[in-house]
1. So, of the residues in segment 190-223 that are among the hydrophobic types (A, V, I, L, M, F, W, C), in contact with a helix residue (DSSP H, G or I) (Cβ under 8 Å, 6 or more places away or on another chain) and crowded, with 16+ Cβ neighbours inside 10 Å, which turns out to be nearest to GLU247 (Cα to Cα)?
2. With respect to ASN98, is the statement that it is at pLDDT 80 or above, polar (S, T, N, Q) and over 21 Å from ALA134 (Cα atoms) true?
3. For residues that are at pLDDT below 90, touching a strand residue (DSSP E or B) at 6+ places or on another chain (Cβ under 8 Å) and not in a strand (DSSP E or B), scanning just segment 134-166, find the one that is surrounded by the fewest Cβ atoms within 10 Å (Cβ to Cβ).
4. Can you name every residue in segment 119-133 that is part of a loop (DSSP other than H, G, I, E, B), over 26 Å from ASP72 (Cβ atoms) and either at pLDDT 85 or above or hydroxyl-bearing (Ser, Thr, Tyr) (or both)?
5. Find all pairs meeting these conditions: Cβ atoms under 7 angstrom apart; at least six residues apart or on different chains; first residue within segment 72-87 and more than 14 Å from ALA113 (Cα to Cα); second residue part of a loop (DSSP other than H, G, I, E, B) and of a type in the set (Gly, Ala, Ser).
6. Considering every residue within segment 210-228, establish whether at least one is part of a strand (DSSP E or B) and either aromatic (Phe, Trp, Tyr) or under 18 Å from ALA36 (Cα atoms) (or both).
7. Sort out which residues of segment 20-29 are in a strand (DSSP E or B) and either crowded, with 17+ Cβ neighbours inside 10 Å or touching a residue at least 40 places away in the same chain (Cβ under 8 Å) (or both), and write them in order of number.
8. Go through the residues of segment 228-250 one by one and say whether even a single one is more than 24 Å from ASP43 (Cβ to Cβ) and out of contact with any strand residue (DSSP E or B) (no Cβ under 7 Å at 6 or more places or on another chain).
Amino acid sequence: MSTRRLRCGEIWGGFAEDDLDLCSGALTASLFSSSARGSEGGDVYYLSVCGQDQLTRIVLADVVGHGAGVADVSRWLYEAVEARVNDYDGAHVLEQLNDLAAERGIRSMATAALASVAVTKAGATFAYAGHAPALIRRRGADGWVPARLDPAAATHPNAPLGVEPGARYDEQFEALGPGDRVLMYTDGLVEGRNGEGEPFGEERLHAVLEAEGGSSLQDLKHSLLDALRAHSREAQRQDDVSLVALEVTPR
C-alpha cells in the first residue's frame, strides 16, 4: 500500500470509507473508516498540516445519525480545522464547533477527539468532546496508556458537542519522542457486539494492542479490525468504525 504525503497547508479527510497510510513531517499514520450503512457514514476524520510542516492535527468525530446532517458537520469541522491550521491550541477547534452547534440549535451533535502533534515541541496536545481518550504507547514501553485530561482543571469536562452552549475545552500536553505511538478510535470499535450482545470492549482492545507489540502501524490496524470481525462473527454491525494509528517521526 502506498503512503499519501500530506503537503504543507493541506487539509485532507471527510466522511467516506477509506483505508490508507499517510505521512507528514511530524508523523506517519494508518487510517481506517467504514460505515455500517453504505459508503458514507457518521464518522468524520480530518488531518491537517500547518504551512511549515511542523504541526499535524488529527480530528476524529463520531456524529449522531447519517446523511445530510453528517455532511453539515463535516463542512463545519473542515472550516474549524482550516481556521486553526497553524495554531497549536487544538481545543479552540472543538469550541468553534460547539458554538456552531449551539447557534444552529443542534443538541448532541457529535463526539470528537482531537490530537495535535508538533515536531518543534516533540509532543502532542489532546482535547476531547464526549469521546474516549486516545491511547499512547511509548517506544520501548510494554503497554498503552490513556491520554486523559486532568478532571480537576476542566471547566466543562469532556462535554459532547452541542450540549453545553459556550463550553470551553481543556487540553493535555504529552511529551512524545520518535517511535512513540498514538491510537484514536470511535466507539464503534469497542462497542461492536457478537450474536449474544457482548461488546468487543476495551479489554479485548488492549489484548490485541499488547500482542502486536512493535508491529507496523498497518499490521496493528488490521489486527484490531480482524479481532473485531472475529468477535462479531455473523452479527450485523450497527455502528461505524474508524481508527487512526500514528507514530511520531524523527525531527
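The values are calculated or read from the model by the stated rules, or taken from the named source; none is laboratory data. Given the structure is predicted, the values throughout are model-derived calculations rather than measurements. Every residue, glycine among them, receives a Cβ derived from its backbone with ideal geometry; neighbour counts consider all protein chains shown.
1. LEU220
2. On the way: at pLDDT 80 or above: yes; polar (S, T, N, Q): yes; over 21 Å from ALA134 (Cα atoms): no.
It is false that ASN98 is at pLDDT 80 or above, polar (S, T, N, Q) and over 21 Å from ALA134 (Cα atoms).
3. Within segment 134-166, the subset at pLDDT below 90 is 140-142, 148-166.
Right, trim to touching a strand residue (DSSP E or B) at 6+ places or on another chain (Cβ under 8 Å) and you get 148-150, 158-162.
Adding the requirement that they be not in a strand (DSSP E or B) leaves 148-150, 158-160, 162.
Details: ARG148: 13, LEU149: 19, ASP150: 9, ASN158: 20, ALA159: 19, PRO160: 21, GLY162: 25.
The selected residue is ASP150.
4. So the first thing to find is which residues in segment 119-133 are part of a loop (DSSP other than H, G, I, E, B), and the list is 122, 130-133.
From what is left, the residues that are over 26 Å from ASP72 (Cβ atoms) are 122, 133.
Result: PRO133, single match.
5. VAL85/GLY9; ASN86/GLY51
6. Narrowing segment 210-228 to residues part of a strand (DSSP E or B): none.
No.
7. In the first step, residues of segment 20-29 are kept if they are in a strand (DSSP E or B); the result is 20-23, 27-29.
ASP21, LEU22, CYS23, LEU27, THR28, ALA29, listed by residue number.
8. So far as segment 228-250 goes, yes, one or more of its residues are more than 24 Å from ASP43 (Cβ to Cβ) and out of contact with any strand residue (DSSP E or B) (no Cβ under 7 Å at 6 or more places or on another chain).
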